[in-house]
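Engineer: To start, I am sharing the structure in question, which I have written as structure tokens.
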């Protein structure tokens, strides 16, 4: 079955919001996130003839999205410093669960993860994909996805515990 | 939320982490995003279509050339008829030429030199045409990459390509006015080489896109 523009539009309708959210969490600001989503769709469209029909189109486009995010992130690292990115996070978007300080703390901790752990954490824990789906997106075995999520959680808990301890020290009376 | 404690608390912390992670999911409206993506896809289709038409045009030209060769026996027959008709006249003309007054040797030499220069120039122009064709082909191959969303590198390369094309147009116009100017031709060749290098850089751009 040929993949035409309508197929990509349907994909955008069903996955666009989560794709933007994923890109936002990787890149840290809405503008870059939208650029990454746009680039992912265009790359996918231009190379649609190389798409293997035995795989799911959406997992393929997600994989391209992550590559686009990494490319944009590398380009941005050359021209912007991390302080600007933090400022972007501060100019925050509404979150369904509120709790901005905790979210910012967690966001910074997630930023500190290596990409292989960060991507699995964002896909599983933030965007709610199953290990089977994440395995399809990243082209890794399900067991590897589970292992990476475990390691991501372990590192995050360690970092968050450290940050909480520092926060307690700051507010504790001397 | 606490981030230290016993093994039982470990499970609680996983749940708390999972709950906090969900707060990282954010949604916002982007009414212009899909129209922009769709426009990019349509633009890609148009470029691809134009490339296909150009390739079809080349094939058509080749077919026309083949068609001419298929009629070569008619051409040979016509040439034979012309030779039989003009043969006696040509012999008379040759006799007149041999027995008639001889032209000035200096004028002949000058004419020969002039013809040699023309031959050399024609050879150069043929080489230039082949080089230009090769670069046109490279331009066609690079077209999809030129159509990719802007990145600082691609914008830079695209700007350079535009400047090169402008320079090529100016040099070609100048050469049309002065065909024997070797300096202009060397400059034009150098600019073409720049264009080739730029196109190759564009071709190499984002080879790991997928």
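Engineer: Sort B:17-24, B:33-40 for me by packing, meaning the mean count of neighbouring Cβ atoms within 10 Å per residue, highest on top.
Structural biologist: The most tightly packed comes first, giving B:17-24, B:33-40.
Engineer: Continuing with this model, one more query. Can you figure out the FRET efficiency of residue B:204 with residue B:183, using R₀ = 30 Å and their beta-carbon distance, to the nearest 0.05?
Structural biologist: Efficiency for this residue pair is about 0.40.
Engineer: While we're looking at this one, here's another question. Residues of A:106-115, mean number of Cβ from any other protein chain within 10 Å of their own Cβ, rounded to a whole number?
Structural biologist: 1
Engineer: Just order A:129-136, B:125-132, A:108-115, A:31-38 by mean Cβ neighbour count inside 10 Å, highest at the front, would you?
Structural biologist: Output ranking for A:129-136, B:125-132, A:108-115, A:31-38: A:31-38, A:129-136, A:108-115, B:125-132.
Engineer: Between residue B:141 and residue B:82, with labels modelled 7 Å along Cα→Cβ, what's the label distance in nm to one decimal, could you check?
Structural biologist: The two pseudo-label positions are separated by 4.1 nm.
Engineer: Hey, another quick one. How many nm separate the modelled label positions at residue B:196 and residue B:39, each set 7 Å beyond the Cα in the direction of the Cβ?
Structural biologist: Rounded to a tenth, the inter-label distance reads 3.7 nm.
Engineer: Another question about this same structure. Shielding of B:35-48 by partners, i.e. mean partner chain Cβ atoms within 10 Å per residue?
Structural biologist: The per-residue average across the peptide is 4.
Engineer: If you don't mind, there's one more thing I want to ask. What is the average number of partner chain Cβ atoms found within 10 Å of a Cβ in A:33-45?
Structural biologist: Across A:33-45, the average partner-chain Cβ count within 10 Å equals 5.
Engineer: Distance between the C-alpha centers of the stretch B:122-138 and the stretch A:5-71? Whole Å please.
Structural biologist: Each part reduced to its Cα centre gives a spacing of 41 Å.
No value in this document is a laboratory result; all are computed from the given coordinates. These figures come from a predicted structure and were not determined experimentally. Glycine also receives a Cβ, built like all others from the backbone with ideal geometry; neighbour counts cover every protein chain displayed.
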